[in-house]
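Trainee: Sending over a structure as structure tokens; questions will come in a sec.
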Amino acid sequence: MISTTIHARSRQSKSCDKKYPLSAAVLLCLSAAAIAVDDKISLTPVTIYDDRTYPELIEPPRMRNRIDRDALQASGMTDVNGILKSQGGLMLNQGSGQMMTGISLRGAGGGGQGLLTLDGVPLFANFAGFYSLSHYALDALDRVTVTRGPGGERYGSRSLGGAIHLQTRHIADKERFFHVEGGSYDTVRSTAGGGLSTRAGDFSAVVGRSDIFSGISQAQGGAERDDFGMTHASANWFKEFSRGGLDASLYFVRTNEDIDGPGLKLPRRTIGWVDDKRGRFSDETWVAQLRGQYDLAAYWNSSLQFGFTQDRQQMQSAAIRPFSLTSQLLMLDWKNTHRLPLSADHQNQALLVWGVNTQHQQGLNLPAKQTVISPNMRGELILGAWQWSADTRFDQGDTYGNHQVFTLGVNRSLPQNMSVWANGGTGYRQPGVSELTHPVFGNQTLNGEHSAGGELGWRWQPLPESEVKISGYYQHYRQMITLQLDSKTGISRAGNVQKADVLGAEMQSQHRWSSIWQSGLNYSYMHAKNPLTQLRIPARPEHQSVFWNEVQLLQPLTLRLEFTVHSGYWFDVANRFRAQTAPRINALLNYRLTPKTEVYLRGENLTDERTIELRDFSFNGAAVYVGLRTGF
């Protein structure tokens with residue numbers, strides 16, 4: 001009933017004690033020259049796309065990283081924020097502890113139109129381009145996928161530079177797990193989950209609690225210890241029928257934390273973030289979806305998905321009147337997938353997907369509503385070594401009018417396990433209600449943002465566990481939405497950058513040197529400026545790099561070292577305040593007691609690099625955590 005396409009890459013080490021062929025030496029030279037690598041967490045042993053979730057024939061011709069369940073666990077990180085820091089072209093700006101993170105992907109952000117999705121449902125930003133990534137525990141997820149460039153319609157995304165897609169965890173029948181961790185800043189985290197199969201369907205559930213009892217002050221130079229507490233729970237259900245199936249998921253998270261607030265910063269006499277003993281912030285998010293799919297004919301599968309997101313923020317501080325902001329999104333997505341074999345051996349195939357995506361956003365506390373109805377169509381074609389893809393979407397909006405976008409892509413397989421690709425297209429995103437109505441950072445005069453651009457790329461896999469990917473891209477944005485810091489007043493607010501040109505390159509490579517040693521290097525370059533003023537777009541560093549090595553010291557003992565660095569960038573649109581270069585080192589020592597039980601020691605920012613990433617906000621120093629994970 002379920003049509004699948006399987007892309008497999010063996011992760012079993014070939015006898016690496018032998019001399020490697022010339023291709024390995026070439027790969028080493030490329031790595032030394034800063035050809036980038038995804039860290040181990042982006043390696044995928046087996047990728048399976050099914051019609052219920054990924055109605056596609058081919059992997060899109062673009063730079064894409066997919067992090068599966070095993071890799072999420074092997075990373076040793078606890079939440080999405082930690083695992084995304086090694087992704088090329090993706091910039092994360094975070095302050096202290098668990099506070100929200102500014103995200104830009106190939107220069108663009110987003111605020112409720114799909115920059116971040118969970119089970120295909122768009123999530124709201126706290127405000128323009130800022131998401132609470134720490135709210136999504138890796139123990140509750142099966143995979144994280146990062147796509148880059150335009151053309152996110154197949155993933156339910158309307159973001160312009162790419163998107164981050166999360167999928168909640170499915171746990172096998174009678175499988176259970178427990179995970180506990182403690183360490184610096186009086187941190188305690190615990191998670192438990194299990195799965196059950198019955199005649200009514202397959203059920204999975206994960207619950208967890210995180211507390212930071214002595215976090216550092218959010219305000220730069222502040223002395224107050226800001227605590228943090230989070231409860232999260234998720235559940236999945238799947239039922240398969242003779243010609244179709246149903247699946248549903250639910251995710252809930254609630255946080256309470258001490259926060260700081262705005263005040264007068266001396267001697268510069270501008271508004272900035274200062275210690276606030278009265279500051280409190282709570283955030284509650286619900287995400288739910290129900291999807292049904294049915295085979296109407298041999299080559300016709302129809303699916304219908306209902307999605308719901310609600311995010312409620314409550315804040316109080318000495319300088320800001322207490323407020324409550326609740327944003328809701330209702331989504332209805334109807335897809336029809338037709339697979340057509342063009343040869344007897346099914347090596348040549350065509351796929352056509354058509355349907356309608358409808359999204360309604362509203363702010364319950366404020367008069368903000370918008371509805372967009374989007375008919376869409378996508379086609380894919382495989383003919384020998386050639387693969388083509390094209391999609392288009394027509395937004396019919398009641399607030400921001402009608403807009404049509406499209407993307408085109410081609411991929412060509414070459415000898416020696418190489419391939420080249422090209423894609424390009426346009427994009428449009430209207431502001432989310434959280435960007436428009438946030439009492440502190442919102443701006444109800446925001447315009448929708450547009451983009452146009454393209455990408456060229458090359459991929460080479462000389463050995464089963466070695467890969468090189470290089471791409472270059474150009475994106476032109478109009479009315480780019482960013483959170484803008486006024487250098488004269490110190491006040492930040494969402495605003496439009498009239499024009500932005502983003503030129504960049506991403507290089508990834510990975511290589512296993514022997515049965516006990518593998519390494520990688522991930523490098524990205526991005527030049528983002530406003531062509532009208534010749535000023536740089538804030539919070540977009542030119543250079544980012546991650547270099548990692550993983551060594552098996554003993555049969556059950558593994559050491560992983562990771563070095564990350566980004567170059568300096570501007571905090572403000574006037575290019576007056578600059579962030580400095582920040583090198584940091586992370587380490588993970590993992591000891592496997594049994595096939596299902598392991599203990600680990602994880603160190604974060606061991607260089608104790610305190611260079612700030614957000615103006616006026618502190619950055620965590622060195623931290624060490626001890627954890628136990630077991631299954632039964």
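The values are calculated or read from the model by the stated rules, or taken from the named source; none is laboratory data. Quick caveat: nothing in here was measured; it's all calculated off a predicted structure. As a convention, Cβ positions derive from the backbone with ideal geometry for all residues, glycine included, and neighbour counts pool all protein chains shown. Accessible surface areas use protein heavy atoms only, side chains included; no ligands, DNA or RNA. Shrake-Rupley method; radii C 1.70, N 1.55, O 1.52, S 1.80 Å.
Trainee: What pairs can you find where one residue is in segment 565-593 and touching a residue at least 12 places away in the same chain (Cβ under 8 Å) and open to solvent by less than 40 Å² (accessible area, probe 1.4 Å), the other is among the aromatic types (Phe, Trp, Tyr) and not in a loop (DSSP other than H, G, I, E, B), and their Cβ atoms are less than 7 Å apart, with a gap of 6+ or different chains?
Mentor: The qualifying pairs are Ala579/Tyr569; Leu588/Tyr600; Asn590/Tyr600.
Trainee: With the requirement that a residue be farther than 17 Å from Leu456 by Cα and in a strand (DSSP E or B), what does segment 407-438 give you?
Mentor: Gly427, Tyr428, Arg429, listed by residue number.
Trainee: Pick from Gly82, Gly76, Gly102: which is under 27 Å from Ala192 (Cα atoms) and surrounded by fewer than 24 Cβ atoms within 10 Å (Cβ to Cβ)?
Mentor: Gly82
Trainee: I'm trying to understand the selection: among the residues of segment 117-131, which are assigned to a loop (DSSP other than H, G, I, E, B) and at pLDDT 85 or above?
Mentor: Matches in segment 117-131: Asp119, Gly120, Leu123, Phe124, Ala125.
Every residue, every condition in (1) within 23 Å of Thr147 (Cβ to Cβ); (2) among the small types (Gly, Ala, Ser); (3) without any contact (Cβ under 8 Å) to a residue 60 or more places away in the chain, yes or no:
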| position | (1), (2), (3) |
| --- | --- |
| Ala422 | yes, yes, no |
| Val440 | no, no, no |
| Leu456 | yes, no, yes |
| Arg459 | yes, no, yes |
| Pro464 | no, no, no |
| Lys469 | yes, no, no |
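For every residue, the table says whether it meets (1) farther than 30 Å from His450 by Cα; (2) free of Cβ contacts under 8 Å to residues at least 24 places away in the same chain; (3) surrounded by fewer than 16 Cβ atoms within 10 Å (Cβ to Cβ); (4) among the acidic types (Asp, Glu).
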| residue | (1), (2), (3), (4) |
| --- | --- |
| Lys174 | yes, yes, yes, no |
| Val206 | yes, no, no, no |
| Phe213 | yes, no, yes, no |
| Gln218 | yes, no, no, no |
| Ser234 | yes, no, no, no |
| Arg243 | yes, no, yes, no |
| Tyr251 | yes, no, no, no |
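This table checks each residue for (1) in contact with an Asp or Glu (Cβ under 8 Å, 6 or more places away or on another chain); (2) modelled with pLDDT of 95 or more; (3) not acidic (Asp, Glu).
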| site | (1), (2), (3) |
| --- | --- |
| Ser217 | yes, no, yes |
| Asp226 | yes, no, no |
| Thr231 | no, yes, yes |
| Ala248 | no, yes, yes |
| Ile271 | no, no, yes |
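For every residue, the table says whether it meets (1) without any contact (Cβ under 8 Å) to a residue 40 or more places away in the chain; (2) closer than 19 Å to Gly110 by Cβ; (3) open to solvent by 40 Å² or more (accessible area, probe 1.4 Å).
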site: Ala494; (1), (2), (3): no, yes, no
site: Leu503; (1), (2), (3): yes, no, yes
site: Gln508; (1), (2), (3): no, no, no
site: Ser515; (1), (2), (3): no, no, yes
site: Gln518; (1), (2), (3): no, no, no
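Trainee: Restricting to segment 299-313, name every residue that is in contact with a Ser or Thr (Cβ under 6 Å, 6 or more places away or on another chain) and either open to solvent by 80 Å² or more (accessible area, probe 1.4 Å) or of a type in the set (D, E, K, R) (or both).
Mentor: Within segment 299-313, Asp311, Arg312 qualify.
Trainee: Sticking with this one: Given the criterion open to solvent by less than 10 Å² (accessible area, probe 1.4 Å) and modelled with pLDDT under 85, identify the matching residue among Gly114, Gly97, Gly161, Gly195.
Mentor: Answer to the selection: Gly114.
Trainee: Considering only segment 232-278, how many residues are assigned to a strand (DSSP E or B), of a type in the set (Lys, Arg) and over 23 Å from Phe203 (Cα atoms)?
Mentor: Residues meeting the conditions: 1.
Trainee: Of the residues Arg154, Arg143, which single one is open to solvent by 10 Å² or more (accessible area, probe 1.4 Å), out of contact with any His (no Cβ under 6 Å at 6 or more places or on another chain), modelled with pLDDT of 90 or more and not in a loop (DSSP other than H, G, I, E, B)?
Mentor: Arg143
Trainee: Only one of these is touching a strand residue (DSSP E or B) at 6+ places or on another chain (Cβ under 9 Å) and closer than 18 Å to Met377 by Cβ: Ser302, Ser343, Ser327. Name it.
Mentor: Among Ser302, Ser343, Ser327, only Ser302 is touching a strand residue (DSSP E or B) at 6+ places or on another chain (Cβ under 9 Å) and closer than 18 Å to Met377 by Cβ.
Trainee: Right, next: Could you figure out which of (1) open to solvent by 10 Å² or more (accessible area, probe 1.4 Å); (2) over 24 Å from Tyr523 (Cβ atoms); (3) assigned to a strand (DSSP E or B) isn't true of Gln461?
Mentor: Looking at each condition in turn, Gln461 falls short on (2).
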